[in-house]
Amino acid sequence: MEITYHFHHLESSDGLKDYAKKKIEKLAAHFNAFHSAMVRFRVETKIEHSVELTLNGDGVQFIATEKGADMYAIIDALEEKLGKQIRKHKEKHLGASHRGERG
């Protein structure tokens, strides 16, 4: 999977990249249709940071944004948010096909 990182108002950090990559790979294990991801790290103020994570797959895109003081804690929160989105998507689409419904 191709992962693109963007750093706004802060220096590129291998530690943040590695941490985000580990979380993205964990999410990708639950949904194998992902082909790319984009992570945007931003420093809003001295004490407020934000991270946006976008996962792109075959005909599906998951996006989550979170703000906080600690980038690593933000990435953890994004993993939880995107995990919920992926589970909801799978339940909606796999559940309908198992029941013989369309849509």
Open item on the list: Anything in the stretch 45-68 that is part of a loop (DSSP other than H, G, I, E, B) and either loosely packed, with under 11 Cβ neighbours inside 10 Å or hydroxyl-bearing (Ser, Thr, Tyr) (or both)? List them, or say none.
Closed with: THR45, LYS46, ILE47, ASP58, GLY59
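Scanning for something touching a Ser or Thr at 6+ places or on another chain (Cβ under 6 Å) and closer than 23 Å to LYS90 by Cα, does the stretch 24-39 turn up at least one residue? I'd like the intermediate steps shown before the answer.
First, pick out the residues of the stretch 24-39 that are touching a Ser or Thr at 6+ places or on another chain (Cβ under 6 Å): 38.
Still in the list and also closer than 23 Å to LYS90 by Cα: 38.
Yes: one or more hits.
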Task: In the stretch 21-35, the residues that are surrounded by 13 or more Cβ atoms within 10 Å (Cβ to Cβ) and of a type outside the set (Asp, Glu) - done: LYS21, LYS23, ILE24, LEU27, ALA28, PHE31, PHE34
TODO: Considering (1) of a type outside the set (Ser, Thr, Tyr); (2) crowded, with 17+ Cβ neighbours inside 10 Å; (3) over 13 Å from the mean Cα position of the chain (by Cα), say which one PHE41 fails and leave the rest.
DONE: (3)
Open item on the list: I want to confirm something. Restricting to the stretch 70-103 and keeping residues that are part of a loop (DSSP other than H, G, I, E, B) and either at pLDDT below 95 or crowded, with 16+ Cβ neighbours inside 10 Å (or both), which single residue is nearest to the chain's Cα centre (by Cα)?
Closed with: GLY103
Open item on the list: Cβ-Cβ distance below 7 Å, separation of 6 or more or different chains: which pairs start in the stretch 2-31 with a residue that is closer than 16 Å to THR65 by Cα and without any contact (Cβ under 8 Å) to a residue 40 or more places away in the chain and end on one that is basic (Lys, Arg) and surrounded by 11 or more Cβ atoms within 10 Å (Cβ to Cβ)?
Closed with: TYR5/LYS17; HIS6/ARG40; HIS8/ARG40; HIS8/ARG42
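The values are calculated or read from the model by the stated rules, or taken from the named source; none is laboratory data. These figures come from a predicted structure and were not determined experimentally. Because the Cβ atoms are built from the backbone with ideal geometry, glycine has one as well, and the counts that use them run over all protein chains shown.
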